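Following: one structure in structure tokens, then a few remarks.
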Amino acid sequence: MESPLMSLMKSLATLLTLVALAAGAYSPATSAQPAKPAYRTTEVAPGLYSFGAGMAFNAFMVTDEGVVVMDSFDQDFAAASLAAIRKVTDRPIRYLIYSHNHYDHISGGAVFKAAGATILSHATSADWLKRHPSPDVVPPDETWSGARSELKLGSSRIELLYFGANHGEGMTVFRFPRERTIYTVDLVVPKRVAFAYMPDFAPREWERTLAEMDALDFDRVMYAHNAPVGPRTSVADQLRFLRDLRAAISAELEKGTPFMQIPDTVKLPQYAHWDGYEAWLPMNAWRVLLEIAMGV
């Protein structure tokens, strides 16, 4: 029997598709029959890979002592990801690291657990998952805490960075020093406005986090959505969008625009080519407006 969570995730996927169609993000020629994702493996740097398609990309690193995987999404994705890893290497799966607590990113953990992985997450995320268990989410075996930790396997290093409250619980940014790359989940989605009403985001803290991320030493960014990899400038682009949105809302408040009209009044034409602009910009504006006006 399909679990309630998996039913919810499938419904969300359908909703996202409908919203994207309304926003013009998909071609009118798109088939009515859902196609299997065209998953692909991208070698971002020697030993560092992105796997996925469209709305879901995870990351994995092949080290001298085994494989480290970051996020699993759902069971089907995880199985496909494991199969892709096996085409690259037969080394053992040592770790699966959860980026944060949101079920849509970590509901495939059982696949990697069965393959021998130790599941690791930030303590803040683990605490939340303990209080809100899901039948589809395997609890972490180990946790790390504080603002920074480091995982070493052979000659490979992965920095685990926690910037505090910004999105979800225990949001971890992964930095690969030798590869001069970061993997970030949800905090940066290239050429896309924020998702819907920014669920579980604290916009001001998100801006602070992006500014701190932009100060890190790296050359490229691996993403969880929209694309496997892109330039470091995408972090600054995301931050600029949020600051421009906040400035536009503040300007409307100063002009005396009626409160309830502000979200539909705000326009940011410089981002009109970004995914989700027409459908989601008013929702984005509502979220930031409520934070500015009410502190929520």
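The table for this structure:
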{"quantity": "Whichever residue in segment 239-251 is out of contact with any Leu (no Cβ under 6 Å at 6 or more places or on another chain) and surrounded by 19 or more Cβ atoms within 10 Å (Cβ to Cβ) and, among such residues, is farthest from residue 69 (Cα to Cα)", "calculated": "245"}
{"quantity": "Qualifying residue in segment 281-295 (condition: assigned to a loop (DSSP other than H, G, I, E, B), without any contact (Cβ under 8 Å) to a residue 40 or more places away in the chain and out of contact with any Pro (no Cβ under 6 Å at 6 or more places or on another chain))", "calculated": "yes"}
{"quantity": "Set 113, 152, 130: member being surrounded by fewer than 16 Cβ atoms within 10 Å (Cβ to Cβ), closer than 15 Å to residue 70 by Cα and not hydrophobic (A, V, I, L, M, F, W, C)", "calculated": "152"}
{"quantity": "Complete set of residues in segment 122-166 that are in a strand (DSSP E or B), touching a residue at least 40 places away in the same chain (Cβ under 8 Å) and either touching a His at 6+ places or on another chain (Cβ under 7 Å) or acidic (Asp, Glu) (or both)", "calculated": "162"}
{"quantity": "Members of segment 155-168 that are under 21 Å from residue 106 (Cα atoms) and buried (at least 16 other Cβ atoms within 10 Å of the Cβ)", "calculated": "158, 159, 160, 161, 162, 163, 165, 166, 167, 168"}
{"quantity": "Looking only at segment 188-197, and only at residues there that are crowded, with 22+ Cβ neighbours inside 10 Å and farther than 15 Å from residue 229 by Cβ, the one that is farthest from the chain's Cα centre (by Cα)", "calculated": "193"}
{"quantity": "Segment 116-126 - residue that is within 19 Å of residue 173 (Cβ to Cβ) and out of contact with any Pro (no Cβ under 8 Å at 6 or more places or on another chain) and, of those, surrounded by the fewest Cβ atoms within 10 Å (Cβ to Cβ)", "calculated": "123"}
{"quantity": "Inter-residue pairs, beta-carbon under 7 Å, first at positive phi and among the charged types (D, E, K, R) and in segment 172-189, second crowded, with 24+ Cβ neighbours inside 10 Å and part of a loop (DSSP other than H, G, I, E, B), 6+ apart", "calculated": "186/224"}
{"quantity": "Candidate set: segment 38-47, residues that are in contact (Cβ under 8 Å) with a residue 12 or more places away in the chain and in a strand (DSSP E or B); chosen: the one farthest from residue 158 (Cα to Cα)", "calculated": "40"}
{"quantity": "Pairs with Cβ under 8 Å, 6+ apart, first in segment 236-265 and within 19 Å of residue 210 (Cα to Cα), second surrounded by 14 or more Cβ atoms within 10 Å (Cβ to Cβ) and of a type in the set (Lys, Arg)", "calculated": "237/191"}
{"quantity": "Residue identified as under 16 Å from the mean Cα position of the chain (by Cα) and either at pLDDT below 95 or not hydrophobic (A, V, I, L, M, F, W, C) (or both) among 9, 70", "calculated": "9"}
{"quantity": "Residue in segment 165-184 that is polar (S, T, N, Q), more than 19 Å from the chain's Cα centre (by Cα) and closer than 28 Å to residue 79 by Cβ present", "calculated": "no"}
{"quantity": "Any chance residue 260 is in a helix (DSSP H, G or I), surrounded by fewer than 17 Cβ atoms within 10 Å (Cβ to Cβ) and more than 18 Å from the chain's Cα centre (by Cα)", "calculated": "yes"}
{"quantity": "Breaking point among (1) over 29 Å from residue 296 (Cα atoms); (2) over 11 Å from the mean Cα position of the chain (by Cα), for residue 222", "calculated": "(2)"}
{"quantity": "Candidates 175, 243 - the one that is closer than 22 Å to residue 52 by Cα, basic (Lys, Arg) and not in a loop (DSSP other than H, G, I, E, B)", "calculated": "175"}
{"quantity": "Where residue 144 falls short, out of the listed (1) crowded, with 19+ Cβ neighbours inside 10 Å; (2) within 24 Å of residue 56 (Cβ to Cβ)", "calculated": "(2)"}
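The values are calculated or read from the model by the stated rules, or taken from the named source; none is laboratory data. All figures in this text were calculated on a predicted structure; none of them were measured in a lab. We place every Cβ from the backbone using ideal geometry, glycine too, and count neighbours over all the protein chains shown.
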